[in-house]
Amino acid sequence: ESGYNLAKEIINQPEKPQAIYSSNDIMAIGILQAFSEVSIRVPEDIALVGFDNINIASLPGVELTSVAFRLETMGMLAVDRVIDLVKKGGGDILTRVLLDPILTIRKTCGFHNCGGYKRWKKYLKRKDLEGKPILSKIGDK
């Protein structure tokens, strides 16, 4: 609902953004819905990217480009941190961790409209610190 309401505000602005990065996929889907009601085309008029790559993001008609983190990595880091705290008998709970994001490109970002994978593949083969690809396969979950 918050994404939908935000989109209604954007619709009423005289100058619209070229792109929107939403803090989560549910908000982005609300934005997509509001835009479709007034014939704002995504990505032709406004590109849209969400965050967390939920299952709904890959459904036909949604096909939302989304950024996420590997849940397995986050889980392993959390377990390692708990084990460290137990071994040390407590200590500082806060730890700063930098995770490499995963970008799953679907239709809402406009990637396919600007040459797609063939044009940009040299930039898309980057790997994270664990040697895993930063970009998941185009259109995959």
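The values are calculated or read from the model by the stated rules, or taken from the named source; none is laboratory data. Predicted model only: the values in this text are computed from it and were never measured. Backbone-built Cβ (ideal geometry, glycine too); neighbour counts: all protein chains shown. Note: areas computed on protein heavy atoms with side chains; ligands, DNA, RNA excluded. Shrake-Rupley method; radii C 1.70, N 1.55, O 1.52, S 1.80 Å.
Numbers at a glance
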{"read-out": "With DNA, RNA and ligands ignored, accessible area of Phe69 (1.4 Å probe; Å², nearest 10)", "value": "70 Å²"}
{"read-out": "Largest-first ordering by accessible area, 1.4 Å probe, given options Ile31, Ile83", "value": "Ile83, Ile31"}
{"read-out": "For Gly50, distant residues with modelled amide H under 5 Å away", "value": "Ser22, Thr65, Ser66, Val67"}
{"read-out": "Residues Asp100 and Glu15, FRET efficiency given R0 of 41 Å [Cβ-Cβ distance, rounded to 0.05]", "value": "0.75"}
{"read-out": "Accessible area (Å², 1.4 Å probe, nearest 10) - Arg106", "value": "10 Å²"}
{"read-out": "Cα centroid separation - region 9-30 against region 71-103, whole Å", "value": "33 Å"}
